[in-house]
Every structure is written in C-alpha cells, then in structure tokens.
Number of protein chains: 2
Amino acid sequence: MDTKKITKMMKALSNPNRFEIFMEIYKSNQQANFEDEECFVYDVMQRLNIGAPTISHHLKELSNADLIITERRGKHIVARVNEETVSHLRDALILD
Amino acid sequence: MDTKKITKMMKALSNPNRFEIFMEIYKSNQQANFEDEECFVYDVMQRLNIGAPTISHHLKELSNADLIITERRGKHIVARVNEETVSHLRDALILD
DNA sequence: ATAACAATTCGATAATTATAGAAATGTAAA
DNA sequence: TTTACATTTCTATAATTATCGAATTGTTAT
C-alpha cells in the first residue's frame, strides 16, 4: 500500500462530518438485515443534520478512497464499509 | 477516543509529505541508538527535499495531533513516534 | 562577543475543500 | 405521463492549508 492511497484514506476520514457518516454506515451495516433500506443518503442526512449535496459529496470522497462501497437500490443509495481496505489502512499503522 | 481527536490525527497523516516525515521519524527511531543525533528537522529536510519552514510546520501538526513527541537536543530537534496514540488510532479502525 | 548553524515565526500566496442553494437527473408510484 | 421523492451535479463562497522567502530566535563553538 503506497503513501498516496494511504493518505487519501486518511484525508477521507479527516473531516469530522465525513467520519461520522462513515461510522453511521458501519453501524447500520451491523444492525440491519440487508433487506431493510438502511444507510442511504436521506437517512444519514436526517441523523447528522447536513444537507443532501454535502452528504453526496462526502459519500463520493469515501467511495473514491475505497473505504465504502455504494450501490443504488431503487430511489435509495445503500452503502457498506469496505472492510478489506479499512484493514489495509489499519495495517499501515502497525509500526513495529 | 472522540471523533475530534481521531480526525485530527487522520488529518495530520493525510498530507503525503507529512506522512513521509512521520515514517522517516519512525524509521530513524528504529535503527538509531538514542545517543545519535537522528531524526531532526535538518536531517529530514535533506532526505525529503522540503523547506525547513514547511518541515517545522508539519512537525508541529504531528505534534499537536499527539502522534510524535519532540524534544530539543542542543541545536537539533529530536522526534519520536508516540506509539500509544498511534495504537489508539489503530484501535479506532477496528470496526468489528 | 560574534560567527555559524538549526529551527521557528511571520507574511504572503496558491490550492484545496466543506458547505449550501438551485437546478438537473434518476426512480417509482399514482 | 405526471407527481413525488431521492440523489447528484453545478456554481459560488468562505475557510483551511501547504508552501516558501525573509526575518527572528535559539544554541554552540570560536
């Protein structure tokens, strides 16, 4: 994993709102059976009180950094954490 | 560990040059016995080809994020990685 | 004390970005 | 095929920041 990719992920998680969005996605993934319409933009928007265009922007950043995977399901967007990439990032912080 | 602290660390590591500096510090810590004058600004400056004021700025960011600990030793600055904080950051990425 | 070197602060600038409102696009139901 | 709702794109703006040159401060040796 090269510096560029790592720092891109770090940047994606460096904005508080974006980090919260990421965590919301993770939490929704945890609890929800996948048939439910969980963790789409509209939903997160309500919870975090951020405008839709901003959420959309943040989702794209997280997605570009490969930290989440998004998928359209009807009118909604469903997002899930890309566990593999996250674990790569974690590994990059193992210094010893 | 709250969002603010985590995202501050993420931001500190989100700039490629700063990330490299962090890694240089870590590597120097590894190899050098602590009597040597390793990992100070001047040294890193040479290796990464960045201006001294910029290095200084980056060191402060890393330091403010608690990722490194700096100490003046004579004319030089000695830096070392704060392993404890780094491991906290790593833990924040353990999602399961 | 002064010269030499290391690091920081100051001041300025260019680039990036978080955010929102307005407009556009996609999707499903009526 | 309208209507309604969800998401994205466009456009603009305010805020942040990476960077450097110049000036300053701190430290050591002469």
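The values are calculated or read from the model by the stated rules, or taken from the named source; none is laboratory data. Predicted model only: the values in this text are computed from it and were never measured. All Cβ positions, even for glycine, are placed from backbone atoms using ideal geometry, and neighbour counts span all protein chains on display.
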Does the range B:29-41 hold any residues that are within 13 Å of DNA strand D (Cβ to nearest atom) and either under 15 Å from B:R18 (Cα atoms) or modelled with pLDDT of 95 or more (or both), and which are they? B:F40, B:V41
Residues of the range A:52-73 being near DNA strand D (Cβ under 8 Å from one of its atoms) and free of Cβ contacts under 8 Å to residues at least 12 places away in the same chain, which ones? A:A52, A:P53, A:H57, A:K60, A:T70, A:R72
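Every residue in the range A:7-27 that is crowded, with 20+ Cβ neighbours inside 10 Å and assigned to a helix (DSSP H, G or I), please. Give the steps one after another, and end with the answer.
Going through the range A:7-27, the residues crowded, with 20+ Cβ neighbours inside 10 Å turn out to be A:7, A:9-10, A:12-14, A:18-19, A:21-22, A:25.
Listed by number, the residues that qualify are A:T7, A:M9, A:M10, A:A12, A:R18, A:F19, A:I21, A:F22, A:I25.
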Which pairs have Cβ atoms under 6 Å, sit 6 or more apart or on different chains, and link a residue in the range A:3-17 that is more than 7 Å from chain B (Cβ to nearest Cβ) to one that is within 13 Å of DNA strand D (Cβ to nearest atom)? A:A12/A:E61; A:A12/A:L62; A:N17/A:I50
Criterion first (under 11 Å from the mean Cα position of the chain (by Cα) and modelled with pLDDT under 95) does B:I25 satisfy it? yes
For the range A:49-67, give me each residue that is buried (at least 17 other Cβ atoms within 10 Å of the Cβ) and either part of a helix (DSSP H, G or I) or hydrophobic (A, V, I, L, M, F, W, C) (or both). A:I50, A:I55, A:H58, A:L59, A:E61, A:L62, A:A65, A:L67
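Within the range A:76-85, is even one residue assigned to a helix (DSSP H, G or I), hydroxyl-bearing (S, T, Y), modelled with pLDDT of 95 or more and more than 9 Å from DNA strand D (Cβ to nearest atom)? Steps first, please.
Keep residues of the range A:76-85 that are assigned to a helix (DSSP H, G or I), which gives A:83-85.
If we keep only those that are hydroxyl-bearing (S, T, Y) too, we end up with A:85.
Keeping just the survivors that are modelled with pLDDT of 95 or more gives A:85.
If we keep only those that are more than 9 Å from DNA strand D (Cβ to nearest atom) as well, we get A:85.
The answer is yes; a qualifying residue exists.
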When you scan the range B:73-90, do you find a residue that is surrounded by 15 or more Cβ atoms within 10 Å (Cβ to Cβ) and among the acidic types (D, E), even just one? no
Considering each residue of the range A:75-91, count those that are touching a residue at least 24 places away in the same chain (Cβ under 8 Å) and either acidic (D, E) or more than 9 Å from every other protein chain (Cβ to nearest Cβ) (or both), and give that number. 8
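May I ask you to verify whether B:T70 is modelled with pLDDT of 90 or more, of a type in the set (S, T, N, Q) and assigned to a helix (DSSP H, G or I)? Quick ask: steps written out before the conclusion?
Numbers: modelled with pLDDT of 90 or more: yes; of a type in the set (S, T, N, Q): yes; assigned to a helix (DSSP H, G or I): no.
No; evaluated as a whole, the condition is false for this residue.
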